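The values are calculated or read from the model by the stated rules, or taken from the named source; none is laboratory data. Keep in mind that this is a model prediction, so the values were computed, not measured. Virtual Cβ from ideal backbone geometry, glycine too; neighbours counted across all protein chains shown.
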Amino acid sequence: MKPLLFFTILFTSFSSAIAIQSDIIDNLSGYFKAGNAKDVAQNFSSSVELIIIDEEDVYSKAQAEQILRNFFTKYPPVKSSVTHTINANPNFRFGILSLQTKNGKFRVSITMKKSNNAFFITELRIEPDK
């Protein structure tokens, strides 16, 4: 009976850890739906590679937040959903969102790396959905 209890606890802990790890992409999807640049930016690393439509550069956290805020002003979000996640690596997360705005549909790719036991966005790519 004890081995069964051990495996039950192990499986429950493992599935809970996976659920928690994927929640960060789900949370980001909610921030995108709300057009909340401030909450998205709280997950930025100190420098972020930002690719929005045809503009690409590396920005500080504050600059990237302002650029994202400008994007949300120009393209007010209506709906956001997670279309793909990669969370098998304990130090890396990747997610793709489908972002519907009042002025078009976009594909949002989010690359996150672990630093000090937390994940931070190192690259954010927003491209027109084809």
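Would it be correct to say that ARG69 is out of contact with any strand residue (DSSP E or B) (no Cβ under 9 Å at 6 or more places or on another chain) and among the charged types (D, E, K, R)?
Yes; evaluated as a whole, the condition is true for this residue.
Please report, ordered by residue number, the strands (runs of 3 or more DSSP E) entirely within the range 90-129 with at least 3 residues that are touching a Lys or Arg at 6+ places or on another chain (Cβ under 6 Å). Steps first, please.
Values: elements: 92-101, 104-115, 118-128.
Correct list: 118-128.
Out of the range 54-89, which residues are outside any strand (DSSP E or B), more than 14 Å from ARG107 (Cβ to Cβ) and of a type in the set (Phe, Trp, Tyr)?
PHE72
Could you grab me the full set of residues in the range 55-103 that are among the small types (Gly, Ala, Ser), surrounded by fewer than 17 Cβ atoms within 10 Å (Cβ to Cβ) and farther than 15 Å from ILE121 by Cβ? Walk me through it before giving the result.
First, pick out the residues of the range 55-103 that are among the small types (Gly, Ala, Ser): 60, 62, 64, 80-81, 88, 95, 98.
Right, trim to surrounded by fewer than 17 Cβ atoms within 10 Å (Cβ to Cβ) and you get 60, 62, 81, 88.
Of everything in the range 55-103, those that are among the small types (Gly, Ala, Ser), surrounded by fewer than 17 Cβ atoms within 10 Å (Cβ to Cβ) and farther than 15 Å from ILE121 by Cβ turn out to be SER81, ALA88.
If you go through the range 1-40 one residue at a time, how many are modelled with pLDDT of 55 or more, closer than 21 Å to SER98 by Cβ and either part of a helix (DSSP H, G or I) or among the hydroxyl-bearing types (Ser, Thr, Tyr) (or both)?
Here the count works out to 15.
Please determine, by comparing only the residues of the range 86-105 that are of a type outside the set (A, V, I, L, M) and under 14 Å from the mean Cα position of the chain (by Cα), which one is farthest from GLY30 (Cα to Cα). Even if it seems obvious, please write down each step before you answer.
Keep residues of the range 86-105 that are of a type outside the set (A, V, I, L, M), which gives 87, 89-95, 98, 100-105.
Now drop any that are not under 14 Å from the mean Cα position of the chain (by Cα), which leaves 87, 92-95, 98.
Numbers: ASN87: 18, PHE92: 20, ARG93: 17, PHE94: 16, GLY95: 13, SER98: 11 Å.
Once the filter is applied, the top-ranked residue is PHE92.
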